[in-house]
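Take a look at the structure set out below.
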Amino acid sequence: MLDRNSTTGRSRIARALTAAGAAVTLAAAHLAAPAPASAAVSRAELALRWAPIHYQDVDATGSHALGGQADYIARVDFDGDLNGRNNWDRAGQAGTSLAAHAYYSVVETSTHWYITYLFFHPRDWTDHPFFETEHENDGEGVLFAIERDGSPYGLLRAAVTVAHSDFYSYTPSGSTWTSGRESVDGTLQFQTSPHDTFSHPVTAQEAQGHGLKAYPQYSINGDGLVYYPSTVAETPSNGNDRDVRYRLVDIFAADGLWAQRANANLFASLGTFAGDTSGDCGSGTFGCSTNSANAPWGWDDGNDVPARGELASDPAKLSVEYFTIPGGVTRTYTYNPYAGAAAALAEAARTAPPTVD
């Protein structure tokens, strides 16, 4: 899973020019993007096209912040190994890489593509001494539902984001999807990337706990990072870098997260990252919890109908529960690697402790 091609640093002038080009007005119109009509896009191309421009708030206060680096997104194996129980300790140490990556999985039906994105942080942390806990590892993200309308990349109809143990739903302006069992929480906005020709959805994460919502329900407050989807991974120059490219990693790759789901060093149980209380986790705060972060097949909102993990493993089911969809959607998948572990996922949903990420 290691990526030795991550890049760091560009000149201040180049960054300034890029940032200037990025100052655009958010828009929800013109969601379809040009592509050669004769070429079917790959799942990797589809994921790159719809990957969000991602705003990450940064807090540099307190020893657990690592000067702001505790809010950088990274690979699960940023420290060179697949041991989830040393990530708190290794974060910020020499020899580790906080080059920006995000994970994705694509599942398909004849009518829709569903793309799940995971943003990983080595720490879920706090600088408050009372009533708040922290824990090793942090995994939160977003699902995009994309209608296969005959165009190369389809039409993005809705999003559901993960903020700890709650899901939030959004639709772009003009979407035909409306509230279902769950009320739509806001409008999904779009922004043009300076690194490609596409208009991307915009998401944002809070500092410390890293809950994820559609921008601007979360935004940057002071210092922060703006991550742009790309084929390269950059390390932020500092905690207030507004142009950082991140690279996508396929969850279903041969050596990817899904292939590692039974790795007891990385996962404490199916869908839950392994994490302990080593190092200074919990020091000066209310406490440090163990095994508290989740992969997409472990995400859960305990107050809705879809079961634990179904945001990623059965997104068509989640979509028809969350939204009213004209014409409906098919529930039969033409590509869904999660389905091979359906029985194990159902058992985990029945027996796993509540999500506390």
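Things to note:
- Taken over region 255-267, the criterion of being of a type outside the set (S, T, N, Q) and either in a loop (DSSP other than H, G, I, E, B) or surrounded by fewer than 21 Cβ atoms within 10 Å (Cβ to Cβ) (or both) is satisfied by ASP255, GLY256, LEU257, TRP258, ALA259, ARG261, ALA262, ALA264, LEU266.
- For region 49-76, the set of residues classified as outside any loop (DSSP other than H, G, I, E, B) and aliphatic (A, V, I, L, M) consists of ILE53, ALA65, LEU66, ALA70, ALA74, listed by residue number.
- Test result for GLY284, without any contact (Cβ under 8 Å) to a residue 40 or more places away in the chain, on the phi > 0 side of the Ramachandran plot and assigned to a loop (DSSP other than H, G, I, E, B): no
- Scanning region 127-149 for residues that are touching a helix residue (DSSP H, G or I) at 6+ places or on another chain (Cβ under 9 Å), over 22 Å from ASP300 (Cβ atoms) and not hydrophobic (A, V, I, L, M, F, W, C) yields a single hit, ASP127.
- Pairs with Cβ under 6 Å, 6+ apart, first in region 125-152 and surrounded by 14 or more Cβ atoms within 10 Å (Cβ to Cβ) and modelled with pLDDT of 95 or more, second of a type in the set (Lys, Arg) and not in a strand (DSSP E or B): none
- Residues in region 302-320 that are among the charged types (D, E, K, R), in contact with an Asp or Glu (Cβ under 7 Å, 6 or more places away or on another chain) and surrounded by fewer than 24 Cβ atoms within 10 Å (Cβ to Cβ): ASP304, LYS317.
- Annotation: TYR168 fulfils all but one of (1) in contact (Cβ under 8 Å) with a residue 12 or more places away in the chain; (2) out of contact with any Gly (no Cβ under 9 Å at 6 or more places or on another chain); (3) surrounded by fewer than 24 Cβ atoms within 10 Å (Cβ to Cβ); the unmet one is (2).
- Here region 212-253 is the region considered, the condition is being among the hydrophobic types (A, V, I, L, M, F, W, C) and in a loop (DSSP other than H, G, I, E, B), and the residue that is nearest to SER169 (Cα to Cα) is ILE220.
- Single unsatisfied condition, ALA27 versus (1) at pLDDT 95 or above; (2) under 22 Å from the mean Cα position of the chain (by Cα); (3) not basic (Lys, Arg): (1)
- Test result for GLY284, over 30 Å from ALA145 (Cβ atoms) and open to solvent by 10 Å² or more (accessible area, probe 1.4 Å): yes
- Qualifying residues in region 54-68 (those that are farther than 22 Å from ALA214 by Cα and in contact with a helix residue (DSSP H, G or I) (Cβ under 8 Å, 6 or more places away or on another chain)) - the one surrounded by the most Cβ atoms within 10 Å (Cβ to Cβ): HIS64
- Residues in region 69-85 that are basic (Lys, Arg) and open to solvent by 50 Å² or more (accessible area, probe 1.4 Å): 1 in all.
- Only one entry of SER63, SER38 meets the criterion of being closer than 24 Å to ASP280 by Cα, at pLDDT below 95 and of a type in the set (Ser, Thr, Tyr), and that entry is SER63.
- TRP88 fulfils the conditions (1) outside any strand (DSSP E or B); (2) surrounded by fewer than 24 Cβ atoms within 10 Å (Cβ to Cβ) except for a single criterion, (2).
- Hits in region 171-211 (condition: touching a residue at least 60 places away in the same chain (Cβ under 8 Å), open to solvent by 50 Å² or more (accessible area, probe 1.4 Å) and of a type in the set (Ser, Thr, Tyr)): SER173, THR176, THR178, SER179, THR187, THR192, THR197
Table: residues versus (1) over 24 Å from GLY211 (Cβ atoms); (2) part of a helix (DSSP H, G or I); (3) in contact (Cβ under 8 Å) with a residue 12 or more places away in the chain.
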position	(1), (2), (3)
THR277	no, no, yes
CYS288	no, no, yes
GLY302	no, no, yes
ALA316	yes, yes, yes
VAL320	yes, yes, yes
GLY327	yes, no, no
ALA341	yes, yes, yes
ALA348	no, yes, yes
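- Test: residue in region 105-126 that is of a type in the set (Asp, Glu) and in a loop (DSSP other than H, G, I, E, B): no
The values are calculated or read from the model by the stated rules, or taken from the named source; none is laboratory data. What you are looking at is a predicted structure, and each value in this text was computed from that prediction instead of being measured. Every residue, glycine as well, gets a Cβ built from its backbone with ideal geometry; the counts of neighbours run over all protein chains shown. For the accessible areas, the whole protein counts, side chains as well, though only heavy atoms, and no ligand, DNA or RNA atoms are used. Shrake-Rupley method; radii C 1.70, N 1.55, O 1.52, S 1.80 Å.
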